[in-house]
Amino acid sequence: MNKTINLRVKKEIDRTSEAKVLKLKGALITKGYTEIIHIKDENEDFYLNTFSTDPDRKKEAENYVLEFITFNGLNDSIFLIDNVKSNFTLL
C-alpha cells in the first residue's frame with residue numbers, strides 16, 4: 001500500500017519561491033516518487049499538497065523534500081507535515 005506525504009505550502013509567496021515550489025513538485029514526479037500531486041485549500045493561508053509514494057521510498061522522498069526546502073531557502077514557504085497520528089488514552 002502506498003504511503004501519503006503531505007506538504008503545507010503558503011498561499012502568499014513571492015514569484016521566485018513559487019517557481020522553486022513548482023520545481024520541487026516537478027522533481028518529485030520526474031524522480032518517480034509519485035505520478036500526481038493533489039492540491040487543496042487547507043485554510044486561508046495555506047494549500048495542502050499530498051502525494052502517494054511507494055512505502056520503500058517514503059523516507060527517501062521525505063529526505064529529498066527536506067533537502068530541497070533547505071537548499072532553496074523555502075523554510076518559510078513549504079513544510080513537510082508528519083501525518084502519523086498519535087494515539088492517546090484518556091484516564
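The values are calculated or read from the model by the stated rules, or taken from the named source; none is laboratory data. Here the structure is a predicted model, which means the values were calculated and not measured. Virtual Cβ from ideal backbone geometry, glycine too; neighbours counted across all protein chains shown.
Looking only at region 44-61, which residues are closer than 13 Å to Arg8 by Cα and either part of a helix (DSSP H, G or I) or in contact with a helix residue (DSSP H, G or I) (Cβ under 8 Å, 6 or more places away or on another chain) (or both)? Lay out the reasoning, then the answer.
Taking region 44-61 first, the residues closer than 13 Å to Arg8 by Cα are 44-51.
Asn49, Phe51, listed by residue number.
For region 52-72, what are the residues that are free of Cβ contacts under 8 Å to residues at least 60 places away in the same chain and within 14 Å of Leu22 (Cα to Cα)? Break it down stepwise before answering.
Taking region 52-72 first, the residues free of Cβ contacts under 8 Å to residues at least 60 places away in the same chain are 52-64, 66-72.
If the condition is that a residue be free of Cβ contacts under 8 Å to residues at least 60 places away in the same chain and within 14 Å of Leu22 (Cα to Cα), then Phe68, Ile69, Asn72 are the ones that fit.
Just name the residue that is modelled with the lowest pLDDT out of those in region 1-43 that are in a loop (DSSP other than H, G, I, E, B), surrounded by 12 or more Cβ atoms within 10 Å (Cβ to Cβ) and in contact with a helix residue (DSSP H, G or I) (Cβ under 8 Å, 6 or more places away or on another chain).
Asn2
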